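Participant: Below you'll find the structure I mean.
Throughout, read-outs are computed from the coordinates displayed, never taken from laboratory work. A quick note: this is a predicted structure, and the numbers were derived from the prediction, not measured. Counting neighbours? That spans all protein chains shown, and the Cβs are built from the backbone with ideal geometry, glycine included.
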Amino acid sequence: MATDNDKNERIWTIACVDGSRYSTSVRDHAIWLSQVLNAPFKALHAIEHNPNVAVSDLTGAIGLGAQEHLLSELTELEQQRNKLEIQKGRQMLETVKVHAEQAGIEHPTLVQRHGSLIESLIDLENDARVIVVGIRGEVHEDNNQHLGAHLESLVRSVNRPFLVVNREFTPPKAAMLAYDGSSCCLKGLEMVKNSPLFDHLPVHLVNVSGDLDKAQVLVAQAKQVLEGAGRTVHTAVLQGLPHEALCQYQKENEIDLTVMGAFSHNRLRELVFGSFTIRMLLNTEKPLLLLR
Amino acid sequence: MILSQKKSDWVGNIRGDVLAGLVVALALIPEAIAFSIIAGVDPKVGLYASFCIAVVIAFVGGRPGMISAATGAMALLMVTLVKEHGLQYLLVATLLTGVIQIVAGYLKLGELMRFVSRSVVTGFVNALAILIFMAQLPELINVTWHAYAMTAAGLAIIYLFPLLNKTIPSPLVCILLLTGVSMVLGLDIHTVGDMGELPDTLPVFLWPDVPLNLETLMIVLPYSLPLAVVGLLESLMTATIVDELTDTQSDKNRECKGQGIANIGAGLLGGMAGCAMIGQSVINVKSGGRGRLSTFIAGSVLLILVVFLSDWVARIPMAALVAVMIMVSIGTFSWASIRDLKKYPLSTNLVMFTTVVVVVWTHNLALGVFAGVLLAALFFANKIGHFMYVESSLDEQDDQRIYQVHGQVFFSSSNKFTAAFDFKEALSSVRIDLSRAHFWDITAVEALDKVVLKFRREGTDVQVTGLNQASETIIDRFGKHDKPEEIEKVLGGH
């Protein structure tokens, strides 16, 4: 993919579409981001090879030429399946392209690759600025209790900001930065300060804490940083369970976009304590911008 | 990482993996018993080994969906050790085999597989099939006609039952029916129970009961080395086959280490050394197995079946096992290699046949592969040696002959090189132009020295040009030659 971008700059807004019901929303969010950030638009469709096996012959008997026969049988079946997938993906990407052009994007790029979404994104990682994905894909589409099968591994293995979308697109009017002073959040602060995305978006700096005084100081410091960069900033310190408090605040203040650090602990710790990011993803009704 | 697991390898294909694992477990039982008999140990040694190797490799192997267990190729190598020194030494040999394989994995010896050509692989597979078949012969010689009838009936069931029903494994039907028939009719034929002890408990950890000294090491090392080599060869070849069938990649070096760990596990639980199995892996993929789960299920179900049904397993007539093993042998054989004999060049076919003949003769797959690789290398050297010729032209004015050498000069073509010069011609001078030749080794340089010397003796002045460029290829470090422009220099003249 290096040929797309000789200077290897992280410029692209990448929309990951798979034909699930979030695909339209992913497309629209990506178009919006691409315009606000002035980052060229790229739509990606990964042809994931279906792990469910088509051929299954339980006779357990192998005769002359069993191996050659099996190979040709499997090749034929997968050939048909993948041809269909490629076609389906092409059509999907073409529709995305039409919409993007109508929205005024110049030269939207379409990419189709074999392999899992994670593999494809790792290949594109070096020149991606932000990646837009749906909260769940085709597999778990009807299940609101589940996150997408790959979402966590995706965010963990591709070190780029992810915009996770979970509803129809409306242009965001207010953003929230979940801030606790950790290194991940400092990165978020930095981004809010520098990114053209927040030029016209008021930012709510929110901290959930038991220690009110400390939190006030923390938030005030951060506010100063942001206001220095000309941002409109509101601050709040909340109490209670972080994900509940934040989601509540989101609703009350009509926040459309939440910026937060994601999966900053290792998997082992998560296994024991559970992940704040996952709870947020499950509870929130608004898009999340995840930073690693 | 030897223990890193991808979630999708375990739960990506649960239904397919569980069903395939069950089918494979059923087919593994007769194989494990048959191979124990080949090695000359109790069936329980092979059964414990198959359980342990399959379960361990499910976690540490580099090729999900491949089946490893006690195998015929390995069993054949242990016969003498068991006969002369007994089971305990076999267990030590198994442990040592595992250690050697782990070392091979860390040394990345799996990459040596690139020297094994396609025809050697085909020869290996065919030889393996023939060995499995030959191992069944003792059960078919000097037996009553009942045994023949039972074997024939078994084969008929295995191949014809799938026409009726595709959801019940036909080898299982064969075993059940033949066992029933022999019990009802009270036939006097060999059963599994006659072959030795079956497992009646779960395997227990035990350290082999041998003195740990140099003497023991010298006894087992000559067996462990070929065991390690054959185990890795068969495993890596099988991995390639599974890669091809499933259109996915495997980690060959991890597989080497995994095989080592699995063998150490087998040795500590009283099992014999094993490796990947081509036939079973094909059965697994065919039945829909793709993930690590299929291998795990195959191993664990095998143990459960055998431990809890050992009384019944003992009554299975050997004829039923022979039928299953003949099926495995037929299924392993590469039929395409016979079909394509006419299409391929003679040298390719010779390499394949040599591999087969050496294996069948020595019962050692490592020797067969070695012979095959050697022969293939010789054929290759011979072929490349043809790419050398010498042009000559006479410059009458100066009474000088100019020899222009083209192509590859090395051990195989150096005689041809020397013979191209006419030493009887009376000339005042000779010019040898090497700028379009490549000298690959010291043999080539010596041949040139000889030619120069000979001309001088005849009273001819010799001038050699372009030698520096021509001999650049002698340098053993090819790091310099990995850039496209360097390769172009070597292959396209200077």
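Participant: So, in Å, what gap is there between the alpha-carbon centers of region B:130-188 and region B:299-322?
Facilitator: Between the Cα centres of region B:130-188 and region B:299-322 lies a distance of 15 Å.
Participant: Let me ask something else. Hey, with R₀ at 35 Å, roughly what FRET efficiency would B:Thr80 and B:Leu160 work out to, going by the Cβ-Cβ distance, to 0.05?
Facilitator: E between B:Thr80 and B:Leu160, to the nearest 0.05, is 0.30.
Participant: Among DSSP beta bridges whose residues both lie in the protein assembly as shown, state the antiparallel percentage, nearest 5.
Facilitator: The antiparallel fraction comes to roughly 25 percent.
Participant: Rounded to the nearest 5, what is the percent of antiparallel bridges among the DSSP beta bridges in region B:355-449?
Facilitator: Values: 8 of 17 bridges.
Taking every DSSP beta bridge within region B:355-449, about 45 percent pair in antiparallel fashion.
Participant: Would you grab the residues whose amide H sits under 5 Å from the one on B:Ile316? Only those 5+ places off in sequence or on another chain, please, with H modelled 1.01 Å from N.
Facilitator: Sorted by chain and number, the residues that satisfy this are B:Val192, B:Gly193.
Participant: If each DSSP helix of 4+ residues adds -39,500 (n - 2.57) and the sum is divided by the residues in chain B, what number results at 222 nm, nearest 500 deg cm²/dmol? Each step should come with its number before you reach the end.
Facilitator: Working: 21 runs with 310 residues, N = 494.
When only DSSP H runs of four or more count, the value is -20500 deg cm²/dmol.
Participant: If packing is taken as the average count of other Cβ atoms within 10 Å, what order do A:232-242, B:412-422 fall into, highest mean first?
Facilitator: My ranking of the peptides, most packed first, is B:412-422, A:232-242.
Participant: Whole-Hz Karplus ³J(HN,Hα) for region B:54-64, in order, using 6.51 cos²θ - 1.76 cosθ + 1.60 and θ = phi - 60°, x for Gly and Pro?
Facilitator: Each residue of region B:54-64 in turn: 4, 5, 5, 5, 4, 8, 9, x, x, 10, x Hz.
Participant: If each residue of separation counts as 0.36 nm, what is the full-extension length gain between A:Ala103 and A:Asp123 once their alpha-carbon separation is subtracted?
Facilitator: 4.4 nm
Participant: Another question about this same structure. Compute the distribution of all C-alpha to C-alpha distances in the protein assembly as shown, in bins of 20 Å from 0, and list the percent of pairs in each, rounded to whole numbers.
Facilitator: Answer for the protein assembly as shown: a P(r) of 14, 32, 29, 21, 4, 0 percent.
Participant: Nearest 10 degrees is fine. How inclined is helix B:14-39 to the longest principal axis of chain B, computing both from alpha carbons?
Facilitator: Between helix and principal axis, roughly 80 degrees.
Participant: Something else now. Quick one: check the C-alpha center-to-center distance for region B:209-261 versus region B:396-470, whole angstrom.
Facilitator: Computed from Cα coordinates, the inter-centre distance equals 49 Å.
Participant: Give me a single rounded figure for B:281-294: the average over its residues of other chain Cβ atoms within 10 Å of their Cβ. Could you put the intermediate results ahead of the total?
Facilitator: Details: counts 1, 6, 8, 1, 7, 15, 7, 7, 2, 3, 2, 0, 0, 0.
For peptide B:281-294, the averaged partner shielding equals 4.
Participant: Taking R0 as 60 Å, what FRET efficiency do you get between B:Ile384 and A:Leu241 from their Cβ-Cβ distance, rounded to the nearest 0.05? Walk me through the numbers before you get to the answer.
Facilitator: Values: r = 74 Å, r/R0 = 1.23.
Approximately 0.25, to the nearest 0.05.
Participant: By how many degrees, between 0 and 90 and to the nearest 10, does the Cα long axis of helix A:183-194 differ from the longest principal axis of chain A?
Facilitator: Tilt of helix A:183-194: around 80 degrees.
Participant: Taking the beta-carbon count within 10 Å as an exposure proxy, list A:Arg21, B:Arg457 from fewest neighbours to most.
Facilitator: Placing the least packed residue first, the sequence is B:Arg457, A:Arg21.
Participant: Quote the FRET efficiency, to the nearest 0.05, computed for A:His114 versus B:Glu458 with a Förster distance R0 of 56 Å and r equal to the Cβ-Cβ distance.
Facilitator: 0.25
Participant: Ranked highest first by the average count of other Cβ atoms within 10 Å around their residues, in what order do B:187-198, A:102-113, B:388-399, B:54-65 fall? The partial results should precede the final answer.
Facilitator: Working: B:187-198: 17.0, A:102-113: 14.8, B:388-399: 12.7, B:54-65: 26.1.
The most tightly packed comes first, giving B:54-65, B:187-198, A:102-113, B:388-399.
Participant: Strictly over 26 Å apart at the Cα level, which of A:Lys223/A:Lys286; B:Lys7/B:Lys252; A:Lys88/B:Lys286; A:Lys42/A:Lys83; B:Lys7/B:Lys257; B:Lys383/B:Lys450 would you flag in this model?
Facilitator: A:Lys88/B:Lys286, as the Cα separations exceed 26 Å there.
Participant: Moving on to the next point. Which ordering of A:Leu151, B:Leu164 is given by a fewest-first count of other beta-carbon atoms within 10 Å?
Facilitator: Listed from fewest to most nearby Cβ atoms, that is B:Leu164, A:Leu151.
Participant: I would also like to ask the following. Assuming 0.36 nm per residue, please report the length gained on full extension of the stretch B:Leu140 to B:Ser392 beyond their Cα-Cα distance.
Facilitator: So the chain would gain 83.9 nm between B:Leu140 and B:Ser392.
Participant: Give the aspartates and glutamates reachable from B:Lys166 as a straight Cα distance under 12 Å; neighbours fewer than 8 places away on the same chain don't count.
Facilitator: Output for B:Lys166: A:Asp57.
Participant: Give me the distance between the Cα centres of region B:8-37 and region A:68-131, rounded to whole Å.
Facilitator: 35 Å
Participant: Right, next: Computed over the Cα atoms of chain B, what is the convex hull's projected area averaged over all directions, in nm²?
Facilitator: 29.8 nm²
Participant: Kindly put B:Leu155, B:Leu269, B:Leu233 in sequence by how many other C-beta atoms sit within 10 Å of each C-beta, fewest to most. Provide the component values of the computation, followed by the final result.
Facilitator: Working: B:Leu155 18, B:Leu269 21, B:Leu233 24.
Exposure proxy ranking, most exposed first: B:Leu155, B:Leu269, B:Leu233.
Participant: A further question on this structure: Given H placed 1.01 Å from N in the peptide plane, which residues other than close sequence neighbours of A:Gly137 have an amide H under 5 Å from its amide H?
Facilitator: A:Gly148, A:Ala149
Participant: Simple spin-label model, 7 Å along Cα-to-Cβ: A:Lys173 to B:Leu112 in nm?
Facilitator: 7.3 nm
Participant: Continuing with the same structure: If one takes the longest principal axis of the Cα atoms in chain A, at what angle in degrees, from 0 to 90 and to the nearest 10, does the Cα axis of helix A:23-37 lie?
Facilitator: 50 degrees
Participant: How much of the DSSP beta bridge set in chain B is antiparallel, as a percent to the nearest 5?
Facilitator: Working: 12 of 26 bridges.
Just about 45 percent of them are antiparallel.
Participant: Relative contact order of chain B: what whole-number percent is it, with Cα pairs under 8 angstrom and at least 6 residues apart?
Facilitator: Details: 895 pairs, mean separation 127.0, N = 494.
Relative contact order comes out at 26 percent.
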